[in-house]
1. Take the residues in region 268-281 that are outside any helix (DSSP H, G or I) and open to solvent by 20 Å² or more (accessible area, probe 1.4 Å); name whichever of them is nearest to the ligand (Cβ to nearest atom).
2. On the given criteria, is Val290 open to solvent by less than 20 Å² (accessible area, probe 1.4 Å), modelled with pLDDT of 95 or more, over 30 Å from Ser392 (Cβ atoms) and not aromatic (Phe, Trp, Tyr)?
3. Out of all the residues in region 178-189, is one or more in a loop (DSSP other than H, G, I, E, B) and away from the ligand (no atom under 16 Å from the Cβ)?
4. Say we look at region 270-315 and pick out the residues that are out of contact with any Lys or Arg (no Cβ under 9 Å at 6 or more places or on another chain) and among the acidic types (Asp, Glu); which of these is nearest to Met177 (Cα to Cα)?
5. Is it the case, given these coordinates, that Ile125 is farther than 30 Å from Lys260 by Cβ, within 16 Å of the ligand (Cβ to nearest atom) and outside any helix (DSSP H, G or I)?
6. Mind listing just one residue for me: the one in region 329-351 that is over 28 Å from the mean Cα position of the chain (by Cα) and at pLDDT below 90 and, of those, nearest to Lys189 (Cα to Cα)?
7. Select from region 621-669 the residues that are within 23 Å of Asn533 (Cα to Cα), open to solvent by 60 Å² or more (accessible area, probe 1.4 Å) and either modelled with pLDDT of 90 or more or not in a loop (DSSP other than H, G, I, E, B) (or both) and list them in ascending order.
8. What are the residues in region 31-66 that are assigned to a loop (DSSP other than H, G, I, E, B) and either among the small types (Gly, Ala, Ser) or open to solvent by 30 Å² or more (accessible area, probe 1.4 Å) (or both), if any?
Amino acid sequence: MTTEESVKKRIEELTEQINYYNHEYYINDRSLISDYEFDQLLYELIQLEEKYPEYKKPESPTQRVGGGITKEFKTVEHKRPMLSLSNTYSEEELKEFDMRIRKAIGDTFEYVCELKFDGVAISIIYENGILKQAVTRGDGTKGDDVTTNIKTIRTIPLRVNRKDIPDEFEVRGEIFMPLDVFNALNKEKEDIGEPLLANPRNAASGTLKLQDSSQVAKRRLDCYIYSLLEDNGIAETHSQALSLLKDWGFNISPTFRVCKVLDEVMEYIKHWDSERWKLPLATDGIVIKVNNFKQQEALGYTAKSPKWAVAFKFKSESAATVLEDISYQVGRTGAVTPVANLKPVLLAGTRVKRASLHNANEIERLDIRIGDTVFVEKGGEIIPKITGVDLSKRPENSQPLQYIKKCPECGSTLIRKEGEALHYCPNEKGCPPQLKGKIEHFIQRKAMAIEGIGPETIEMFFNLGLIKNPADLYDLKFEQLKGLERFGEKSAQNLLAGLEKSKSVPFRQVLFALGIRYVGSTVAEKLAAHYKNIDQLMNADFESLISVHEIGERIAQSVVDYFKDPDNVNMIERLKHAGLQFAEQETQNRKESNKLEGKTFVISGVFKNFSREALQQKIEANGGKILSSISSKLNFLIAGDNMGPSKKEKAEKLGVPIISEDDFMKMLAD
Ligand code: IVH
């Protein structure tokens, strides 16, 4: 076998293995190899494809990690229009629907009931088994081409490797953000002081429109397919089509059911009305479809929706109870959040005694008072919301609520910044929950991933005066720990081992762990990739920071302020001394050539063929150097789309050549 042949064969083998493990993991919930082994396979494939791009297929599983950039989502016409469903809200209305069907096609038919998933509708076209194009619903006739982003969703096959499929077919389904992903994302947002996402549906649709598909890949969207459209008539009924789709590797929710009569439909509705809270995603109703395709055709369509299907919307779960008290929580960033303490009430199958009140504006808007009877509702969030007050039950002597003026934890006077809804405790360096919160943030998995310590241990150590900030952790000694009550030798050893292990956590995670306001894990990654080490980052001024892609003024100012504080600098010195990683490890970039030897580049804007990180790597792999800001010494500014005007101006003023992505490619090709 020639090298070429063996490379091709290996690429095929790897593709097959990866696809198999992916499918087992994401569709069948079976983990057959370790994450590490899986990553090794994927890494080998990425490397081979980079070296032999002629063998890279559009359906390669390496697309799952993203990297492709969509500058502008093209508007595309749907091959088959995407209609909507008419809604019903009561058993009466469903009976009318059932009567209409019987009148049109007689009594011999079945329904299929499905859950109505609350996400974003998608149409995906396959040609010769290969995923060709994925388009959002848009206005039903035209939608946005989001193919690159959709390819990162692991449960959507990039290729259907079967002989019994039509040359062309379309599947429709719902893209959603699983509730645990949504809640984790919001927790992180809260943690770094960013506004929260309203609900999983908005989060899913926002994610689908991100330009950088590697960011989409990180958000862990998922998809349930609920229709097959094709012209060969390979299935007679919708339920057969769903089974076929399942066989072909699509993610079909196992919750659908064939129902012979309306009573069974009602049973299905009743069952899921209460059970839906146990599902890993948000649902807002049931979809009832006539099962047989010929009967569907006979029933036909109105301008907007099929006559053979209908949605039954769940009533939003709401309960009335008494507001007993309000408590105020202080987070890591000092943000104060009011929480309603309620007389326990049963809501959507769980006992609820707390509800979020968001901020002072919300309290004012609701004019909520202690002793009021309030309505609580459950959405996709962990804790329910208060949606209103039953004024008819308001106690006579009730008083409007006074929002607290002082921090409930340390007594400092709270502040409220211009234009911000939240109150803050300004006592960053002395307020216990802020100090403990910073340590909790530091040890978490996405940050230093320190094993052997959790919130309770932090609480104990803090109260004993052993730790006040993250750097103190690395000064802990076995002697101090082994005799602690509820701790002991084994725990002490585990913790020290955990701390030791954290010393190899990469710089980008260390940077995130520092807990700089607005610097979440993605921003930390970008900053680490750009500045390479903490010293360069510390020396970066506001101008330099905002020149980094996706770093805005708010983040830049926060970074500058953080490093201005001598206490922070001192803590970093101590962490450095302890041996934490404060520089990015040189990537094992394959050297490609010396064509750019001695040349310096600044890159700005969004590019067609590369993510910014990939472009940066390309420059370095060919001997070039990336600079952080424009000066007269700079050789080239590579300009992508949406480049900031100030950069362009500066380069022009200093006479620095501005080149396009294509010019750059030519430079490499020459
Ligand atoms: S079938 C002709 N099945 O609901 C429309 N739709 O208003 C056929 N949806 O935009 C749609 N779960 O995104 C169907 N199991 C399900 C669904 C479902 C959610 C969404 C869909 C569509 C909207 C219909």
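The values are calculated or read from the model by the stated rules, or taken from the named source; none is laboratory data. In this text the structure is predicted, and so the values were computed from the model without any measurement. Every residue, glycine as well, gets a Cβ built from its backbone with ideal geometry; the counts of neighbours run over all protein chains shown. When the accessible area is computed, the model is the full protein with side chains, heavy atoms only, and any ligands, DNA or RNA have been set aside. Shrake-Rupley method; radii C 1.70, N 1.55, O 1.52, S 1.80 Å.
1. Leu279
2. In short, yes.
3. The answer is no, given that none of the residues of region 178-189 is in a loop (DSSP other than H, G, I, E, B) and away from the ligand (no atom under 16 Å from the Cβ).
4. Once the filter is applied, the top-ranked residue is Glu275.
5. So Ile125 fails the test.
6. Filtering first and then ranking leaves Arg351.
7. Passing the criteria: only Lys625.
8. Ser31, Leu32, Ile33, Ser34, Tyr52, Lys56, Lys57, Pro58, Ser60, Gly66
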